[in-house]
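Here the structure is laid out as structure tokens; the discussion comes afterwards.
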Amino acid sequence: MAAQQILIWEDDPASPGVLIMAAKPNIGQIPFKYTFPPPALATSQHSNTPQFRYWNAAAALRRGADFWGPNVVRGQWFRGPALTVRLEVGPGWNAGYDRQALNFYYGVSSAATIYAVASPDMLCHELGHAMLDAIEELLWNTLALEIEAFHESFGDMSAILCSLQIPSMRDSVLASLAVTGGSLYVSSRLSRIAQQFGTALYLISPNDAEPDCLRNAVNPFCYCDPTPLPLSAHTTQLSSDRHSFSRIFTGALFEAMAGMLALYPAPTSAQLLKVTEDMRDIMVDAVKSARIVPSYYAEVAAEMVQKSALKNPAYLAIFRDAFVRRCILSLESASRIMSVLNGAVDTNSERVGDEALPKLARLESSRYGLKEPLFVQMPADAAKSIARSATPDGRSMEPTSPEAAATAFVDQLFMKGLVNYGDVSDNYNKGDNGDKESKDPGLAHTTHRLQREGKELHLIRIRFNCGPRHVCSKS
Ligand SMILES: [Zn+2]
């Protein structure tokens, strides 16, 4: 018997919104099962209905899980076999992942109500956070700006790669190559993440989105030390905000993807699909072997260069050049990676033992007004790694110490008001705690919490929030 067909968005509701037929997904399929809040809704042909959004979300999330899932050794989500999906949590220009659930909000403006869950890009970006958490759980709590920004880049690449799992989307992208001179690396509905959501957000808050999308994988940004950057900036500039800084890495990977596809003179749909699968394998394998250090961009990029060579020797120069062009890898560092690949240099670049992994450590906390030390998960020391990003004059950048990286990160959390005082709220007259958090939308923007474990005070991550914190939505 033929599978029941449903109507879904091919890409974004505004890209322009192309509706296609797809097989009705099995929400409870394992592995990587989802739990949608009951009741299960009937299907609908009308795109502006809860029923349509329900099944559009189910299809996008199933597509994403089937794409990433085979590479995830754990074989399940971080918390277990099922991940809850909350489709329309409440008003807000936001979506997030909190290890229990993927949470999607709806933005309300005078012109329209924009549902994050209507966008396959938003769905597959959040799915990317959950998948990366299942691939390498230690990234969740480790305090370094580059690690957090990489989580966002992984989410945006998930949106791009998952959209290309739809045959008609691949056909559309390949047809447009003839118009764009044959390169994938042009601003397009593929490179523009969350067009409808971003465009609507831009009208309310032009610093938090681009005029035609939330973020664009085609961008001019090159690596620089994130610590001295401003906390926030207009989207035409870089800031240390993880979404802003993530664009550097996403841009490099999208360039690399264009290079991979350009190896085929007249690429077919099957070849484009193979490029997405190779990119997925390279990303996942690199994450599994990269040291978890403050200079994570250089570290994971160096691993990607090496994994790409194993996948296809022709990929090596493509990845190396994309990362060097973006200053994510210095010329000297790239040269050392080539020597390692040629067997000319023995290296400690593999992740060996505890020294490559984050450690629980005390952080001086009086600057945050705390009366006791703060225990945090500090990144490992990058001293033994050969991976270095480039300074503006092209030299190798000396890696930041784990303590300095963690301090810079925690400074920003407190400056941005992203810390829930949780277990010590009474001591500091903050009037909030973890129990209230789920009921109080005023705390939904926090990403970290102070939590007592025994006699120690710990700072832990509670969620990734993927919308701007200060843009409110009135229902
Ligand atoms: Zn995100």
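The values are calculated or read from the model by the stated rules, or taken from the named source; none is laboratory data. None of these values were measured; they are calculated from a predicted model. Quick reminder, even Gly has a Cβ in these numbers, built from the backbone with ideal geometry, and neighbours come from all protein chains shown.
Data overview
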quantity: Qualifying positions in region 170-192 - under 14 Å from residue 272 (Cα atoms), surrounded by 15 or more Cβ atoms within 10 Å (Cβ to Cβ) and among the small types (Gly, Ala, Ser); calculated: 172
quantity: Residue ranges of helices (runs of 4 or more DSSP H) in region 118-231 with at least 3 members within 16 Å of the ligand (Cβ to nearest atom) and in contact with a helix residue (DSSP H, G or I) (Cβ under 7 Å, 6 or more places away or on another chain); calculated: 120-135, 145-163
quantity: Conditions (1) loosely packed, with under 14 Cβ neighbours inside 10 Å; (2) closer than 30 Å to residue 286 by Cβ; number of the one not met by residue 4; calculated: (2)
quantity: Residues located in region 277-329, provided they are closer than 27 Å to residue 240 by Cβ, free of Cβ contacts under 8 Å to residues at least 40 places away in the same chain and more than 19 Å from the chain's Cα centre (by Cα); calculated: 305, 320
quantity: Count - residues of region 71-94 that are in a loop (DSSP other than H, G, I, E, B), within 16 Å of the ligand (Cβ to nearest atom) and not polar (S, T, N, Q); calculated: 4
quantity: Test: residue 269 is in the same structural domain as residue 192 (by TED's automatic domain parsing), more than 16 Å from the ligand (Cβ to nearest atom) and within 19 Å of the chain's Cα centre (by Cα); calculated: no
quantity: Subset tally (residues that are farther than 26 Å from residue 280 by Cα and aromatic (Phe, Trp, Tyr)) for region 62-113; calculated: 3
quantity: Contacts under 8 angstrom Cβ, first residue in region 214-234 being at pLDDT 95 or above, partner surrounded by fewer than 16 Cβ atoms within 10 Å (Cβ to Cβ) and not in a loop (DSSP other than H, G, I, E, B), 6 or more apart; calculated: 222/325
quantity: Region 95-105, subset surrounded by fewer than 23 Cβ atoms within 10 Å (Cβ to Cβ) and of a type outside the set (Asp, Glu), residue farthest from the ligand (Cβ to nearest atom); calculated: 100
quantity: Enumeration of residues in region 284-313 that are assigned to a helix (DSSP H, G or I), among the hydrophobic types (A, V, I, L, M, F, W, C) and surrounded by 24 or more Cβ atoms within 10 Å (Cβ to Cβ); calculated: 298, 300, 301, 302, 304, 305
quantity: Residue count, region 434-454 (criterion: at pLDDT below 65 and either assigned to a helix (DSSP H, G or I) or charged (D, E, K, R) (or both)); calculated: 8
quantity: Long-range neighbours under 8 Å by Cβ, at least six apart or interchain, first residue among the charged types (D, E, K, R) within region 24-47, second assigned to a loop (DSSP other than H, G, I, E, B) and surrounded by 12 or more Cβ atoms within 10 Å (Cβ to Cβ); calculated: 24/43; 33/27; 33/81
quantity: Selection count where residues are farther than 17 Å from residue 144 by Cβ and within 16 Å of the ligand (Cβ to nearest atom), scope region 235-253; calculated: 4
